[in-house]
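Q: Sending over a structure as structure tokens; questions will come in a sec.
Computed from the coordinates by the stated procedures, all read-outs in this text should not be read as laboratory data. If you're wondering where the values come from, they're calculated on a predicted model, not measured in any experiment.
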Amino acid sequence: MKKLVSSIVLAGLLTVPAMAANKAENLMVILTSNDSVTQLMAGVLALQSKKQGANVEMLLCGKAADLVVKGSEEVKLKPKGVSPQMLIKKLIGTGSKVGVCPPYLPNASKTKTDLIDGVNVVKPPRIASSILDMNTKILSY
């Protein structure tokens with residue numbers, strides 16, 4: 001009986017790290033939606049993933065990239081009264097990468113100086129490499 005209990009405990013100890021190893025190390029959030037509720041949820045899940053140990057990167061394209069333009073209109077949503085911009089700034093504060101698609105700036109008549117601090121223009125080869133990485137999960141909104 002003692003041997004059986006020891007075997008079960010040992011099996012459990014070996015299983016926990018294996019289960020943890022099944023989690024993706026990286027999360028790429030691609031946000032294109034102009035819907036503020038969708039934008040907020042993308043931020044919520046990005047922050048929760050960061051809290052659980054993932055390396056998080058957010059790529060904003062199209063109208064969603066307007067979120068990271070200085071002085072952009074903020075819509076504070078229920079139930080907590082936070083805006084998607086507030087969550088993106090919090091994500092940047094965690095050291096996560098946030099960037100806009102290269103075509104965004106010239107097509108929105110903006111320059112890099114129009115972006116909030118901590119936001120960059122992404123390099124497509126690096127983003128493609130991240131997307132193809134087996135340890136990356138992709139959320140696209």
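Q: Mind checking which lysines have their Cα closer than 27 Å to the Cα of Lys112? Skip sequence neighbours fewer than 8 apart in that chain.
A: List returned: Lys50, Lys63, Lys70, Lys76, Lys89, Lys90, Lys97, Lys123.
Q: Here's something else I'd like to know. Report the gain in length on full extension from Val121 to Lys51: 0.36 nm times residue separation, minus Cα-Cα distance, nm rounded to one decimal. Walk me through the numbers on the way to the answer.
A: Values: separation 70, 0.36 × 70 = 25.20 nm, distance 2.49 nm.
Extra length from Val121 to Lys51 when fully extended: 22.7 nm.
Q: For helix 2-21, what angle does its Cα long axis make with the longest principal axis of the chain, in degrees from 0 to 90 and rounded to 10?
A: Computed tilt is about 20 degrees.
Q: Still on this model: Given the options Val68, Val100, Val44, state which has the largest fluctuation in a GNM of the chain using a 10 Å cut-off (strictly under) for Cα springs.
A: Val44
Q: Next question. Could you tell me how far the Cα centroid of region 120-139 sits from the Cα centroid of region 38-108, in Å?
A: 16
Q: Now, a different point. For the chain, place one equal point scatterer on every Cα, skip the solvent, and apply the Debye formula. What is log10 of I(q)/I(0) at q = 0.12 Å⁻¹?
A: Here log10 of I(q) over I(0) equals -0.53.
Q: Please report the antiparallel percentage of the DSSP beta bridges confined to the chain, to the nearest 5.
A: On the way: 2 of 20 bridges.
Percentage antiparallel, nearest 5: 10.
Q: While we're here: Pull out the extension gain between Leu132 and Asn34, defined as 0.36 nm times the separation in residues minus the alpha carbon to alpha carbon distance; nm, one decimal.
A: Details: separation 98, 0.36 × 98 = 35.28 nm, distance 2.59 nm.
Length gained, Leu132 through Asn34: 32.7 nm.
Q: Could I ask something else about it? Could you give each residue of region 118-134 its phi-based ³J(HN,Hα) in whole Hz, using Karplus coefficients 6.51, -1.76, 1.60 with θ = phi - 60°, and x for Gly or Pro?
A: For region 118-134, the Karplus curve yields x, 9, 10, 8, 6, 9, x, x, 5, 5, 4, 4, 5, 4, 7, 4, 4 Hz.
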